[in-house]
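Peer 1: Before anything else, here's the structure in question.
No lab work stands behind these numbers, since they all come straight from the coordinates. Not measured: the values here are computed from a predicted model. Glycine gets a Cβ as well: all are built from the backbone with ideal geometry, and neighbour counts include every protein chain shown.
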Amino acid sequence: MNWTELYQKAVTFSYDDGVLQDLRLVGILNRYGLKGTFNVNSGLGRKNGSFTYGNDSVGRYDFAELVPIYAGHEVAMHTVSHPRLTDLGRSDIIFEIERDRRAIETVFGTRPIGLAYPFGAYDDRVVAILKDLGVTYARTVETEHSFRFQTDLLRYRPTCHHNDPALFDLIRAFLDEPASEPRILSIWGHSYEFDADRNWDRFETICRLLADRDDVFTGSNAEVLSDCGNQFGTASKGMKP
């Protein structure tokens, strides 16, 4: 059932790269009954997937280790090796998407329908290839600063990053303003940023504000952005009977 049949508002979170800090982030989401989408690179793991962010070294989980961590949440594609898709030829783009999709399907037992663009890089050519491959939605890193119900899901623009200075004003507007049509609050980021910025309390506050709302559907990107979302996870805590 489409959430818009019961709600006018929905909230969803999207986090990238399959990093060690996802364990803490998932724990917070679970504690507040919220849902997330985790975009993973199936070809990168502990041995070859670490990288530097600011002054910190960021580690990744091996792919299979992520299965219990992401239980109850959506796992989506982020390509095999995290390249800029705009730099690749068609055959390499297809490889990065299809190999990642098959790996997720094999390890997690669900067929992913969505993608987050590595580095946020995409163009009309990349979008056309994703459409040919049957990808349902692809999340960009472009800030929307609105809650509008978007129809171009292969160029989906989230409301904002979790560190956006306007985020708490946006949350208040989302929760308090009446909705005459479907509205989506979509927050994205990388969990390792909370370590680097020393602001895990910010995420706790975000989740606390959005939890236990009878008027807001809480779901993964697939559940919120596509009509077929219920195939990829059970209804969230906020789902009305």
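Peer 1: Between the alpha-carbon centers of region 153-180 and region 59-115, tell me the distance in whole angstrom.
Peer 2: 26 Å
Peer 1: Can I ask one more? In sequence order, what are the phi-derived ³J(HN,Hα) couplings for region 85-91 according to the Karplus relation 6.51 cos²θ - 1.76 cosθ + 1.60 with θ = phi - 60°, rounded to whole Hz, with x for glycine and proline?
Peer 2: 5, 5, 8, 9, x, 4, 5
Peer 1: Further question: Do you know the relative contact order of region 3-232, to the nearest whole percent, from alpha carbon pairs under 8 angstrom that are 6+ apart?
Peer 2: Value for region 3-232: 30 percent.
Peer 1: Let me ask you something else. By per-residue mean of other Cβ atoms within 10 Å, what is the highest-first order of 215-222, 39-46, 67-74?
Peer 2: Highest-to-lowest ranking by the protection proxy: 215-222, 39-46, 67-74.
Peer 1: OK, next. Check the straight Cα-Cα distances from Lys131 and name the aspartates and glutamates below 13 Å, setting aside those fewer than 8 residues away within the same chain.
Peer 2: Glu98, Asp123, Asp152
Peer 1: Using 0.36 nm per residue, how much length does the chain from Trp200 to Glu177 gain when fully extended, once their Cα-Cα distance is taken away?
Peer 2: So the extension gain works out to 5.5 nm.
Peer 1: For Arg125 paired with Leu23, estimate the spin-label separation in nm (one decimal), with each label point 7 Å from Cα along the Cα-to-Cβ line.
Peer 2: Each label point is offset 7 Å from its Cα along the Cβ direction, giving 4.2 nm.
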